[in-house]
Structure formats: structure tokens, C-alpha cells
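A quick write-up on the structure given underneath.
The values are calculated or read from the model by the stated rules, or taken from the named source; none is laboratory data. For clarity, every value in this text was computed on a predicted model and none was experimentally measured. Because the Cβ atoms are built from the backbone with ideal geometry, glycine has one as well, and the counts that use them run over all protein chains shown.
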Amino acid sequence: MLKGLAFAAFFIGLLSLQQSLTTAFAQDSDPPTRVARINYVQGSVSFQPGGEGDWVSAVPNRPLTTGDNLWTDKDSRSELHIGSTAFRMSSETSLTFLNLDDHTVQLRLSLGSLIINVRHLDDDEVFEIDTPNLALSLLRTGEYRVDVNGDGNEATVTVWRGRGEVSGGGSSYTVIGGQQARFSGTDRLGYDIAEVPGNDDFDNWAFERDRREDGAASANYVSQDLTGYEDLDDYGHWRYVAGYGPVWAPAAVPVGWAPYRFGHWVWIDPWGWTWVEDEPWGFAPFHYGRWAFVDSGWCWVPGPVFVRPVYAPALVVFVGGAEGFRVSGGAGVAWFPLAPGEVYVPGYRASRTYINNVNITNTVVNVTKVTNVYNTTINKTNVTRISYVNERQPNAVTAVSRETFVNARPVAKSLAQVNPKEVADAPVTHIASVQPGRASVMGAGTPARAKPPASIASRQVIARRTPAPPVAAFEQRQNSSSRSGQSSANVREPAPRQPEVPRPNDSRAAPRPPAMARGEESDIATRVPEVPRSQQPRAAQDSEEPARQNETWSHPLARPAPPVQEKTPGQMREEENKFNGWQQQHERSVPRPEPRR
């Protein structure tokens, strides 16, 4: 009996490991489920796509991901969002995305000032700000500021609310709410802690932006992890539509407005063709949810509120097969938005689990329907043409020449006329069969008037966790795809890989719930969406050691933080005295609450 129980326990454990490893290698091929968004630009702000050498002016609503760089010039500011977290850059600030995926936000701050408001922090999520002399891990929700001086040998960490851990110079320090800590030196950190000083103009600007976002009524209708929701209040209104629930309609749109018409296309790896909308509110409604034509006007239908939505580059369907669509003057590209309940099939490499999640988090759709569409478009088990609602709506299809599409030109200024009958007769596809060029990667920005000094652009920072590998230039990626016989614009099934077994003390996040294995399609309707991140087990973040300290890694913009050394009695007494001095000052400056009677 005992032997039988032992064998059963062993078998269950082995099955659990196998399922975890299946998820690990299946999702390794998936793109991240979130990006950053440039949502505010004041003055001169420049952008450099990962791997490229040229800088262009930053364009609002451009999605940002690993490898991308931003520079706010003198007397300039900018604001970014990743879900509900806001990042605000001050004058003469250089920022790089060392890593941005489902579990990690790792930023390189080589110069300047950055204010971060972390409104939500998942149990397995990592926020790390790397500077030339220290790495700061944000351990709790709160409001933080990091300043890096011109020489790169001093960083100041201000915590209004929250808790941060600083690593650098072989030491580790904790900074808590109400403290400002100044760290100087590189090989060894000298530090002082004091009360948070009075606000400067940058602080006041950031706090005012926060108050505006905290009062956004749109948070009642969408997940707060939906990037861009905070701008909807000012540019439209919510109402209830039977069959759809709460919907949002834009106000004061021009004549002839339709979704995915007033903007341009860019190429962003690993997703490929990505839509960038012109309007200041134009992020959330074009990367999440669906569009519906109701009462002679367009309205946006968001997905479920209770889960973090999965980002998509553009929720559209393209008209024309491998040959594309013909417009006056030659080859063209045409598309229209997906309607509520319609399945989005990515035109990029993705697993079945990803395809399920990108749909069930963005619209109300039966997972069985996802399987049917997947089989129709990928496995080709059913060649029956799918009927799309918006394809038949008046003025819903948008078409341009291939030159306009590839060169990131404004679509609304270069519209091509389309014949409704030709659209109805043409095949539809999830892939825009157009090869990108370098202009597709650089986007619509003009050559930048300002960019960071060379010494700042190449300045290394201290990193607690291993950054993502450097991004190669677009031409190198294209040449690599050509040599391997792959087309960068075609979706492919992920090649099976030998799963990597996580090693002890590896800081990479634990695998997600088991992925769907082949042959399980018959019972897919009984499955439920992936477990929301807020309900997943918490990683031991506060006590987690820096990632793979004993391994060597190299990155042109970062170097590993030195291993933390045991502090001497003298250093511990020094920390005690500094903390007690701050605490006495803090108690004098903060009024005590009146006792209850």
C-alpha cells in the first residue's frame, strides 16, 4: 500500500514537472504580452529603435519594447506607461529598455531624472532601475524618483511611498517611504539618508499627472493593466449597448473616420506590422478589445475587466491573399477591424496558449471558436471562408498603396479607393504579405534635432538581473531570416526545443500553468482562461538574490552588480546611526495622529 502511494506521488510530481516544462518551452517562443507606450511628449524628445543607430523624434502612441531608447532634451519632458505604472522623464534624461516581458521591467537610466508611480505589482513581477553605480529594485507599489548626475558617479533615490532595495559596490541597502538616499562612488558606495525634501517643478508636474489618472472613470470599465485607458475620459464617453455591455465612443472625430485609418504602420519585432494611431487617446482601443458599428457610428468594446489583457499589434484582418490587394496605380494593402467575438490570429510566431489568451482577454469569445478559426487559418483543416461583420459595414475597409504602408506614411492622407464587390470577392488573411524596410522600423518620426551625447549613450550601468540580449540592427535580422529561408512577415509554428530545467536560485519567473498539448483540442471547450497574474504564487522577491551572480555575462550597456559582501561591525554601526538620525528627523516632521476618544 505504501509503495503504491509513493509511486502515485512520484507519478503526480513527474507529471507536474512535465507540464511545467511544456509551458516553459511553448511560451518561450511567444512575444511579450505587454509593451510600453509613449503617451506624452513636451519639448524635444527623441527615440531610437533597438539595434538602430539613428534617432528620430518620438511619436506618441508608439509601442516600446526591449532595446528601445529615449532621450528627453534640455527643458523637455516625456511620459510612458506600462499598464497602470507611469514613468516620467525630466530634462536631459537617457532611458533604455534593457528588458520588458511578462514578468520583468528593467530600465537603464544613464543620466537624468525618472519618477515612477507603481500602482500595481504582481507577486512574480520585477521592476529594476539600473544606473551607473547602483541597481534599484522596486519591491512594493509606491512613488519613487531616481536621479543620476552628469558624471555617473552619484545616484539619488527618493521614496515618497514604497520600498526599494539598492545593490552596488558590493553592498545592499533598503530605502523606505519618507527617505531620500544619496549614493556616491562606484567600486564602493558611500551613502547618506535624509528626509524627502520639498517638491520641485518636476515632482509637482508628475503628481498632477497622477491625480488626473487616479480619477479616470474609465477604470470602472476596463482592467487597470490595460495600457492607455487613462486617456479615454477626455476624448469620448461610455454607454451601455445591449449585447456588448459598456462601450466607449470617441468624440469629435473627422468625417470619414474609421478605426485603423488615422495613423500609420510600423514594423516592431517580434510582432511585425503594428498600428500607431494619431489621436492622443489612440492606444488602448487599437491594441485591445474590438470595434463595433452601432447606431451609425463606431464604438470600442473592451474585453473582460478581471484579467490583464494581452497586447496585440493591430486587431485587424487584411484583404487579399498572398498577392495582396490591387488599388489604383498598382499593388496595395487593405484591412478592416475585427468585431466583438471575432478571433484574432497573429501573423507572428505564437503558441496555441498565446492565441487563446490574446483572444479571451480582449473579447468575449468561446475558446472552441478560437480552435475552429485556428484550424481554418493555420492548420487548413477547413477552407470555408470566414464571414466578418465589419467587412460589410460601410466605410470600414481602408486601403493604401504598398509604398504608403511600408514607409510609415500617414494613411488618411493617402487613401486608395476600393470597390466593395472586389473586397467581398477577395480572400482575407491574418498576414499582411508585405516585406518591411528600414523606414518601417524607424516609423513616422523626423530625424531628431537632439540626441544623447555619445558618452551617455554608451555609458554602462550596474544590473542586478541579466538583461535581455542586445537587439541586432534591422538589416542583420533580415539577412539572418533570408539565410535561414524564413520570411519575417509569415507566421510559423514554433519549432520544438529541448526545455531548459530551471536551476536553483535562478531568478527567472516560475513557469505559468500548463500549456495545451497536441491532441487536446477535443476538450478545449472545458478549459478556462489562464490564471490571472494576481492569483499566481508569490516569488520570494524581498529575499531574492541577484540573478545568477556566479555566472559571467556581458552586455554593452550593463555589467553585473558585484556580489554583496558581509558588512563589518563598523559599517553596521554607521548604518544604524544614519537610520536613527533620519528617524528622529522624520518623527519631528510628521505630525502624530490624535488619539481616538
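Side notes on the structure shown:
- Considering segment 40-60, and only residues there that are surrounded by 22 or more Cβ atoms within 10 Å (Cβ to Cβ) and not hydrophobic (A, V, I, L, M, F, W, C), the residue that is nearest to A314 (Cα to Cα) turns out to be P49.
- R261 of a type in the set (D, E, K, R), part of a strand (DSSP E or B) and either in contact with a helix residue (DSSP H, G or I) (Cβ under 8 Å, 6 or more places away or on another chain) or under 25 Å from V364 (Cβ atoms) (or both): no
- For W335, the test of being assigned to a strand (DSSP E or B), in contact (Cβ under 8 Å) with a residue 12 or more places away in the chain and under 21 Å from R392 (Cα atoms) is passed.
- Selection within segment 294-304 - within 20 Å of R37 (Cα to Cα) and out of contact with any helix residue (DSSP H, G or I) (no Cβ under 6 Å at 6 or more places or on another chain): P302, G303
- Residues located in segment 225-243, provided they are surrounded by fewer than 18 Cβ atoms within 10 Å (Cβ to Cβ) and part of a loop (DSSP other than H, G, I, E, B): A242, G243
- Residue check for R188: under 30 Å from T156 (Cα atoms), of a type in the set (D, E, K, R) and touching a strand residue (DSSP E or B) at 6+ places or on another chain (Cβ under 9 Å): yes
- Counting only strands (runs of 3 or more DSSP E) that sit wholly inside segment 60-136, those with at least 1 residues that are charged (D, E, K, R) are 77-82, 85-89, 104-118, 126-130.
- Long-range neighbours under 8 Å by Cβ, at least six apart or interchain, first residue of a type in the set (D, E, K, R) within segment 32-45, second in a strand (DSSP E or B): R34/I82; R34/L100; R37/P63; R37/L64; R37/L80; R37/H81; R37/I82
- Residue pairs meeting the criteria (Cβ under 8 Å; at least 6 apart or on separate chains; first closer than 16 Å to V411 by Cα, in segment 251-275; second among the acidic types (D, E) and assigned to a strand (DSSP E or B)): Y260/E277; F262/E277; G263/E277
- Pair list, Cβ under 6 Å, 6 or more apart: segment 192-219 residue closer than 20 Å to I82 by Cβ, other residue assigned to a helix (DSSP H, G or I): E213/E230; A216/E230; A216/D233; S218/Y229; S218/D233
- Residues that are surrounded by 18 or more Cβ atoms within 10 Å (Cβ to Cβ), more than 16 Å from P556 (Cβ to Cβ) and among the aliphatic types (A, V, I, L, M), drawn from segment 436-461: V441, M442, A444, A448
- Candidate set: segment 109-144, residues that are in contact (Cβ under 8 Å) with a residue 60 or more places away in the chain and of a type in the set (A, V, I, L, M, F, W, C); chosen: the one farthest from V564 (Cα to Cα): I115
- Residue count, segment 245-297 (criterion: of a type in the set (S, T, Y) and at pLDDT below 95): 1
- Yes/no for N99 being within 27 Å of N220 (Cα to Cα) and either aromatic (F, W, Y) or touching a strand residue (DSSP E or B) at 6+ places or on another chain (Cβ under 7 Å) (or both): no
- Looking only at segment 359-417, and only at residues there that are assigned to a loop (DSSP other than H, G, I, E, B), crowded, with 17+ Cβ neighbours inside 10 Å and of a type in the set (G, A, S), the one that is modelled with the highest pLDDT: A408
- Residue within segment 285-298 that is farther than 15 Å from T361 by Cα and of a type in the set (A, V, I, L, M) present: yes
- Annotation note: Cβ proximity below 8 Å between a residue of segment 575-597 that is modelled with pLDDT under 55 and basic (K, R) and a residue that is part of a helix (DSSP H, G or I) and surrounded by 10 or more Cβ atoms within 10 Å (Cβ to Cβ) (sequence gap 6+ or interchain) occurs for no pair.
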